[in-house]
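*Asks:* Pasting a structure here, questions to come.
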Amino acid sequence: MAVTKIKPIRVTIKASLNYITNPGKTEDCLFVSSEHCVPETAAVEFQFLLDKARAGGNTIGRHLIQSFAPGEVTPQQAHEIGKKLMDEILGGQYAYVMATHVDTFLHTTNPFCRQTANGYPPAAFSHRQSRRPRKCRSAQSVVTRSQA
């Protein structure tokens, strides 16, 4: 079963996106996907929407990391599971960039960067802090079971 961690981004989204889309980790960007944005310009797009929807707070994005045990999935399977997880959590309403890192010897990882505001109409992503991990765990279980 995959493990997912969620961390707030408070300083710069660009550094997170550079890590996620690193060609050395993603087989020259073969395993890079996005929704509602272009990975190369996502930092600018995220900031534009965040400025339009600014609802206070100092979190400008979220960095998620989904890790799989050694041999649990192939990179292709991990990438598909990651996309389904984001679709389940975000419901297609928020932009994100994700990749599958295949350079790790111990396990396969899917790092994600998602924005905290959407653009139609601009609104901040808001749900209670206590419910976020539960929703992610629930979605993770459903998506992983459907792949088995």
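The values are calculated or read from the model by the stated rules, or taken from the named source; none is laboratory data. Just so we're clear, the structure is a prediction, and the values are computed from it rather than from any experiment. When we count neighbours, we look across all protein chains shown, and the Cβ atoms used for this are built from the backbone with ideal geometry, even at glycine.
*Asks:* Within the range 35-43, identify whether any single residue is over 15 Å from ALA95 (Cα atoms) and in a helix (DSSP H, G or I), and answer yes or no. Before you say what the answer is, go through the steps one by one.
*Replies:* Taking the range 35-43 first, the residues over 15 Å from ALA95 (Cα atoms) are none.
The answer is no; no qualifying residue exists.
*Asks:* Is there a residue in the range 51-73 that is in contact with a Gly (Cβ under 7 Å, 6 or more places away or on another chain) and not basic (Lys, Arg)?
*Replies:* Yes, because at least one residue in the range 51-73 is in contact with a Gly (Cβ under 7 Å, 6 or more places away or on another chain) and not basic (Lys, Arg).
*Asks:* Separate question: Within the range 68-86, which residues are out of contact with any Phe, Trp or Tyr (no Cβ under 9 Å at 6 or more places or on another chain) and surrounded by 13 or more Cβ atoms within 10 Å (Cβ to Cβ)? Full working, then the answer.
*Replies:* Taking the range 68-86 first, the residues out of contact with any Phe, Trp or Tyr (no Cβ under 9 Å at 6 or more places or on another chain) are 68-69, 71-74, 80, 83-84.
PHE68, GLU72, VAL73, THR74, GLU80, LYS83, LYS84 - these are the residues of the range 68-86 that are out of contact with any Phe, Trp or Tyr (no Cβ under 9 Å at 6 or more places or on another chain) and surrounded by 13 or more Cβ atoms within 10 Å (Cβ to Cβ).
*Asks:* Which condition number in (1) surrounded by fewer than 17 Cβ atoms within 10 Å (Cβ to Cβ); (2) touching a Ser or Thr at 6+ places or on another chain (Cβ under 7 Å); (3) within 16 Å of GLN115 (Cβ to Cβ) is the one that VAL3 fails?
*Replies:* All conditions pass for VAL3, except number (3).
*Asks:* Answer with yes or no whether SER33 is at pLDDT 90 or above, among the hydroxyl-bearing types (Ser, Thr, Tyr) and under 15 Å from THR4 (Cβ atoms). Don't jump to the end; show me each part of the working.
*Replies:* On the way: at pLDDT 90 or above: yes; among the hydroxyl-bearing types (Ser, Thr, Tyr): yes; under 15 Å from THR4 (Cβ atoms): no.
For SER33, the condition - at pLDDT 90 or above, among the hydroxyl-bearing types (Ser, Thr, Tyr) and under 15 Å from THR4 (Cβ atoms) - is not met.
*Asks:* Taking the residues in the range 32-67 that are crowded, with 16+ Cβ neighbours inside 10 Å and over 15 Å from the mean Cα position of the chain (by Cα) as candidates, determine which candidate is farthest from PHE105 (Cα to Cα).
*Replies:* Out of the qualifying residues, it is ALA53.
*Asks:* Something else about it: Go through VAL97, VAL73 for me and flag whichever is modelled with pLDDT of 85 or more, among the hydrophobic types (A, V, I, L, M, F, W, C) and under 20 Å from GLU40 (Cα atoms).
*Replies:* Working: VAL73 fails: under 20 Å from GLU40 (Cα atoms).
The unique qualifying residue is VAL97.
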